[in-house]
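Here the structure comes first, spelled out in structure tokens, and everything after it is commentary.
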Ligand code: TXA
Ligand code: MG
């Protein structure tokens, strides 16, 4: 079973010898390994049971490290990195040969971000390589937002989990790249689209592929609990499924006649709702309900990314 703690020396030593470590980030917990070591990368795919066509994100702590892995960084990307790093923004850039093909699933681009969590920043600064880290969940399941979540699902497969408390943002990073000189968003996430559009103008969203390896990770069925999840109007769904044992997930309203419900933000705050979303889905998934029903959120701020996750997790 993995040990859980805050021992940075131990974590760094394990990573140096090619082992994997669970790491806290401000978005979700990651399953980290040496991004320049193909054997460590293969372990990541194996432990997560992740298809090899779904590339990884590299985590760095400095702009020097960025230039080690990419040598053509478009000016708008430089500006976004200056504005939002460290933070929940991943940039897709042309990769240098030093980045193993396993990391990028054979693409000539690499995804990279500078995470904000202080423990992980400290860890990265002790290492002379970037960390590849997908979310630390079995492929397709809800991402972990605490060390306990990681331990529950991957604890018997990795030696150590760094415990940095609950993830601040609670949703994965926004992924943005460039096609020609046009910015494209590949995954909605922890940075509001509105902020990115203020900086870059209208941005094309390319987030709905069902199983396209050239736009990986955005598989439609993803982030999913094991219990069937239905999204829509809660009173209507309650009627449709009146013979089932229902659990309800809502933004700020309490619904009468349901004892198994989680309200994500009494004050209707989308950031708070995002922060609590994945833990709430896990709790409802582990409860004795037969199905989970959830409303959709306002399409603004982090509400967009919340809706994206709920739709991908839901039964079509
Ligand atoms: O917030 C996050 O980004 C978390 C934390 C741990 O940093 N990581 C994360 O990684 O969500 P993961 O592996 O669950 O999702 C990474 C996704 C891939 O599924 C893929 O969609 C995208 O990043 N990606 C990686 N490389 C790419 C590339 N070269 N082009 C387009 N998309 C890429
Ligand atoms: Mg993931």
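Measure out, as a whole number of angstrom, how far apart the alpha-carbon centroids of region 261-316 and region 168-208 sit. So the two Cα centres are separated by 21 Å.
Can you give the FRET efficiency for residue 197 and residue 63, using 1/(1 + (r/R0)^6), R0 = 25 Å, r = Cβ-Cβ distance, to the nearest 0.05? E(calc), rounded to 0.05, equals 0.55.
With contacts taken as Cα pairs under 8 Å and at least 6 residues apart, region 52-132 reaches a relative contact order of 45 percent. As a ratio to 2.2 N^0.38 Å, the alpha-carbon radius of gyration computed for region 108-239 takes the value 1.24.
Could you tell me the calculated FRET efficiency between residue 6 and residue 157, based on Cβ-Cβ distance and R0 = 22 angstrom, to the nearest 0.05? That pair, residue 6 with residue 157, gives E of 0.60.
Extending 7 Å from Cα along the Cβ direction at residue 46 and again at residue 241 yields two label points whose distance is 3.8 nm. In region 150-212 the Cα-Cα distances spread across 5 Å bins starting at 0 as 4, 14, 18, 17, 12, 12, 12, 8, 4, 0 percent of all pairs.
Across region 1-150, the relative contact order, built from alpha-carbon pairs under 8 Å that are at least six residues apart, equals 35 percent. A convex hull fitted to the Cα coordinates of the chain yields 123 cubic angstrom per residue.
Using R0 = 25 Å, the C-beta based FRET efficiency linking residue 128 and residue 53 works out to 0.30. The alpha carbon centroids of region 20-70 and region 76-154 are separated by 6 Å.
The modelled label-to-label distance between residue 288 and residue 311, using points 7 Å beyond Cα along the C-beta direction, is 3.6 nm. Given all pairs of different Cα atoms, what value in angstroms does the Kirkwood hydrodynamic radius of region 226-316 take? Across region 226-316, the inverse of the average 1/r is 13.0 Å. Top mean-square fluctuation among 181, 108, 19, Gaussian network model of the chain, C-alpha springs under 10 Å? Maximum among the listed residues: 181. Note on the chain: helix-only mean residue ellipticity at 222 nm, from DSSP H runs of 4+ residues weighted -39500 (n - 2.57) and normalised by residue number, equals -9000 deg cm²/dmol.
With only alpha-carbon pairs counted, each pair once and no self-pairs, how large is the Kirkwood hydrodynamic radius of region 1-107 in angstroms? Value: 15.1 Å, from the Cα pair sum.
The length gained by stretching the chain between residue 255 and residue 16 to full extension, at 0.36 nm per residue less their Cα-Cα distance, is 80.9 nm. Within the listed set 40, 103, 132, the residue fluctuating most in the Gaussian network model of the chain (springs between alpha-carbon atoms under 10 angstrom) is 40. Entry note, region 260-316: relative contact order of 30 percent, from Cα contacts under 8 Å with a spacing of 6+ residues.
Taken together, the values in this text are just the output of simple stated rules run on the coordinates, not laboratory data. Note that the structure is a prediction, hence the values are computed from the model and not measured. Cβ sites come from the backbone with ideal geometry, for glycine too, and all protein chains shown count toward neighbours.
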